[in-house]
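For reference, the structure discussed in these notes is given below.
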Amino acid sequence: MIYGDNSGEYRDFKFKVLPAISFSINKQINENIALRGSLGAQMIDSGDYDLSYQKKLIKWGDQDQAFKYKGTSYFADAMPIFMTNPNEMGMLMSTFQFYAGLGLGIMFVDREQDVLKNGILEDGVLIEGDIVTSKETNLLPYIPTRIGLSTNSGGDWDLGLEFVLITTLNSKMDGNTIKDKTLSPDMAGQILFTVKRYFGKAW
């Protein structure tokens, strides 16, 4: 999901949930610490905006801000990963391993967006206005946070679940920089089902 100015009504749980995919490689430094690099993509879509907020749409349009968008974000980041319960020599293996990390990345957003221009209200009803559609791109720095757990089978493969929060360092992901929301930066949230393959030495 996307947390943005024009990405849904969050109090009513009205927002788009779309696919995301990520490929990562970890280098284990020691029992607790690994370095991770990740590449991925996430579909983004504001959905149909509630036209009962017409005053807001006109205000946005007067400042060339989008009320609707659809596209894809591509991201790349690096971070250290901390594991809470590593396998130690001579100890029984843990059934699950938990980990968390914080890093830095860059995101490329490719979207089609709609802006309402020359909007006019009469008796609370939008009677005039032009919707201008354009293709836009942005390059955004972001801070990724990852928290996850995975099975610890002792074999070459493990499965897991990972929660990802991508916090951009500006508000340009959705084509709207009004910041008419509780938190200023645009964010992307993901729940990833993971498949892990081990290769090479442990560390």
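The values are calculated or read from the model by the stated rules, or taken from the named source; none is laboratory data. Worth saying up front: this structure is predicted, and the values here are computed from it rather than measured. For neighbour counting, all protein chains shown are included, and Cβ atoms are generated from backbone atoms with ideal geometry for every residue, glycine included. Quick note on the areas: whole protein, heavy atoms, side chains included, nothing else; ligands and nucleic acids left out. Shrake-Rupley method; radii C 1.70, N 1.55, O 1.52, S 1.80 Å.
With runs of 4+ DSSP H residues as the only contributors, calculate the mean residue ellipticity of the chain at 222 nm using -39,500 (n - 2.57) per run, divided by the residue total and rounded to the nearest 500.
Roughly -1500 deg cm²/dmol at 222 nm, from the helical runs in the chain.
With r as the distance between the Cβ atoms of E31 and A100 and R0 = 25 Å, compute the FRET efficiency 1/(1 + (r/R0)^6) and round to 0.05. List each step's numbers first, then the result.
Working: r = 15 Å, r/R0 = 0.62.
That gives a FRET efficiency of 0.95.
In square angstrom, what is the accessible area per residue of the chain with a 1.4 angstrom probe?
Values: 11960 Å² over 203 residues.
On a per-residue basis, the chain sits at 59 Å².
Can you tell me the order of 19-26, 173-180 when each peptide is scored by its average per-residue count of other Cβ atoms within 10 angstrom, highest first?
Ranked by mean Cβ neighbours within 10 Å, highest first: 173-180, 19-26.
Between Y198 and T145, take the C-beta separation as r, use R0 = 30 Å, and let me know the FRET efficiency to the nearest 0.05.
So the FRET efficiency works out to roughly 0.80.
Translational D (Stokes-Einstein, µm²/s) of the chain at 37 °C and 0.692 mPa s when Rh comes from the Kirkwood sum over C-alpha pairs? Working shown, then result.
On the way: Rh = 18.9 Å.
For the chosen part, D equals 173 µm²/s.
For segment 123-203, divide the Cα radius of gyration by the Kirkwood radius and give the resulting Rg/Rh value with two decimals.
A ratio of 1.23.
Near K27, which lysines are there with a Cα under 26 Å away, not counting those fewer than 8 places off in the same chain?
Candidates past the 8-residue exclusion: K196, K201.
Measure off, as a whole percent, the carbon and sulfur share of the 1.4 Å-probe accessible area of the chain, all protein chains present.
On the chain, the fraction of accessible area on carbon and sulfur atoms equals 61 percent.
Once Lys and Arg get +1 and Asp and Glu get -1 on their Cβ, which of L116, T137, S153 lies farthest toward the positive end of the dipole of the chain?
Looking along the dipole axis, the top candidate is S153.
Could you work out the mean projected area of the convex hull around the alpha carbons of segment 1-116, in square nanometres to one decimal?
Mean shadow area of the hull around the Cα atoms is 9.7 nm².
Say we join alpha carbon atoms closer than 10 Å with springs in a Gaussian network model of the chain; which of V109, V132, V164 then has the biggest fluctuation?
V132
Roughly how far apart, in whole Å, are the Cα centres of segment 93-108 and segment 1-38?
First find each Cα centre; the distance between them is then 10 Å.
Leaving out same-chain residues fewer than 8 places away, which lysines sit with a Cα under 26 Å from that of K179?
In chain and number order, the partners are K14, K16, K55, K56, K59, K68, K70, K117, K135.
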